[in-house]
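Quick notes on the structure that follows.
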Amino acid sequence: MYIKNPMQIENKSMDIIDEVMGDVSFSPEETIVVKRMIHTTGDFEYRKIIDFKENFMEEALKTIKSGATIYTDTRMAYMGINKPALEKANCQLKCFIDDERVFKLSKELQTTRSSCAVDLAVEEGADIFVIGNAPTALFRLLELVDMGKVNPKLIIGVPVGFVGASESKEALRDYKIPQISTIGNKGGSNVAASIVNALLYMVVGR
């Protein structure tokens, strides 16, 4: 007999994840985020590659409670973030990857749309930057920080891949900005969405 109830399935999954958490040390709040990331990926290794810096959890919950504008780099992450929870938290979610202005700027500058979309997000006043796919987006965000054009309240930096992903996250960890990142090549839009959802659920419930 298999489990059919969605919440029973999730609760059972979380119990299984709990069994492997004994060899890592996270705060109770951090553990909630880590378990959500593992649950999303089915990959226990995540518990060993997640890095929280600059008081991320306290700043993240405070920022979401204040009603933040959240920018994400892909439609996949956008679709994966829980909309009822966003509404309860009075947060706005933005994604500009398919914006006509981004297409135009990308062609002019001969760079990725993901990078150009970050410029637009900065112009639109994003508070939280959620990068789950393109290293170029994270590199560009850090360039804009260096230029004094933006001071993100939070960065969720989990781009995935073999070209620039690890390096972009290494660069992020040098900044004194509240952040969460993954060490190495792993990450992705689903991981980015899971982090945001974990934070939202901690603020507004399910």
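Each reported figure results from applying straightforward, stated rules to the coordinates on display, with no laboratory input. Every value quoted in this text rests on a predicted model; they were computed, and no experiment measured them. Glycine also receives a Cβ, built like all others from the backbone with ideal geometry; neighbour counts cover every protein chain displayed.
Using the Cβ of T63 as centre and a radius below 13 Å, the other residues enclosed give a net charge of -1, where K and R count +1 and D and E count -1. Rounded to whole Å, give me the distance from the Cα center of region 150-188 to that of region 87-115. So the two Cα centres are separated by 19 Å.
Summarising the label geometry, the points placed 7 Å from Cα in the beta-carbon direction at N90 and S27 lie 2.4 nm from one another. Using only side-chain charges placed at the Cβ, +1 for Lys and Arg and -1 for Asp and Glu, the dipole size of region 24-89 relative to its Cα centre rounds to 260 debye.
Building the convex hull from the alpha-carbon atoms of region 1-56 and averaging its projection over directions returns 4.4 nm². As a length-normalised measure over Cα pairs under 8 Å and 6 or more apart, the relative contact order of the chain settles at 26 percent. Its relative contact order, with pairs defined as Cα atoms under 8 Å and 6+ residues apart, puts region 135-198 at 35 percent. Scoring 109-121, 51-63 by mean Cβ neighbours within 10 Å over their residues and listing the highest first yields 109-121, 51-63. Angle of helix 135-146 to the longest C-alpha principal axis of the chain, folded into 0 to 90 degrees and rounded to 10: 60°. Candidate cross-link partners of K35 among the aspartates and glutamates, defined by an alpha-carbon separation under 19 Å and a same-chain spacing of 8 or more, comprise E10, D15, D18, E19, D23, D43, E45, D51, E58.
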